[in-house]
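Engineer: Structure below; questions to follow.
Here, each number is a calculation from the coordinates, and none is a lab measurement. Computed from a predicted model, the values in this text were never measured in an experiment. With ideal geometry, Cβ positions are generated from the backbone for all residues, glycine too; neighbour counts draw on all protein chains shown.
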């Protein structure tokens with residue numbers, strides 16, 4: 001199966017989306033949380049990541065800074081964990097909502 005992006009990401013100032021062919025050297029810079037395999041639908045992806053299971057989830061939160069810490073990564077994470085965020089929410093707003101929902105721990 002072919003891997004494809006689940007959301008838009010920016011690498012080196014260039015956007016790449018779900019329907020784009022991502023060069024191998026660029027793909028190496030994108031975290032695993034941003035990929036899915038062709039043919040998976042949302043329910044199958046949820047089952048694989050554990051999102052929505054009553055026993056917890058196996059997906060890890062994106063980093064809070066540095067590579068992979070962008071708003072789209074956090075938005076995807078929030079969606080996987082049923083955290084409601086506004087369409088125009090900033091990365092900080094999404095992190096705060098995930099903390100309030102108990103999905104991630106607050107940083108001290």
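Engineer: If we sort 73-80, 26-33, 11-18 on the protection proxy, mean other Cβ atoms within 10 Å, highest first, what's the order?
Structural biologist: The most tightly packed comes first, giving 73-80, 26-33, 11-18.
Engineer: Can you pull the one-decimal nm distance between simple spin-label points at residue 96 and residue 64, each 7 Å off the Cα toward Cβ?
Structural biologist: Placing both labels 7 Å beyond Cα along the Cβ direction yields 1.4 nm.
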